[in-house]
């Protein structure tokens, strides 16, 4: 197995090298998916000389396994359903209850991270959407769908590691997909990191403030 990333910041530095062709462009904006995508996105934005902000997405975890995504919701009303998992296994009212609860959390996080700041303007800009990895892809798909409604010039999905099949699906949805490592079999994103400890809300706020000051 390829050597693991030390942590998300290290993964972001590695990912930045794969994104070098975007460096110095005046139309760039980096949107990181909180929380784990923010340390990665911080390094990407710094290397590319681009502003950094967040795009909030919430995974809709299955009742029997929260790590299994029934779908995802995102800012600007985006919603993606994993129909193969829902159909015949999860009653509609259960799915909607999970979704509505996550909408409350999504709103809380937007207030916590962005405060009263307006969402970034992405119309006619090249948006690089960053996360710490792609497993099911539901969260990233929701993010791309939501950002697409804002009229960007192009959407680039960028992750340090991802499942080959999911990367392929996202190539059909995004304008470009940059994945630093695509293992033969991705069992878990965290297995490709030495330190995959949870990113806190405070870390997100600090990194966004540092990026803004830069």
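The values are calculated or read from the model by the stated rules, or taken from the named source; none is laboratory data. Note that the coordinates shown come from a computational prediction; the quantities given were computed from them, not determined experimentally. Glycine gets a Cβ as well: all are built from the backbone with ideal geometry, and neighbour counts include every protein chain shown.
Points to keep in mind about this one:
- Being assigned by TED's automatic domain parsing to the domain that holds residue 22 and in a strand (DSSP E or B) holds for only one residue in 185, 158, 143, and it is 158.
Condition check ((1) over 18 Å from residue 141 (Cα atoms); (2) surrounded by fewer than 16 Cβ atoms within 10 Å (Cβ to Cβ)) across all residues:
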residue	(1), (2)
20	yes, yes
34	no, no
37	no, no
49	yes, yes
54	no, no
64	yes, yes
67	no, yes
71	no, no
83	no, yes
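- Entry remark, region 189-214: residues being over 21 Å from residue 109 (Cα atoms) and either in a strand (DSSP E or B) or within 16 Å of the chain's Cα centre (by Cα) (or both) number 3 in total.
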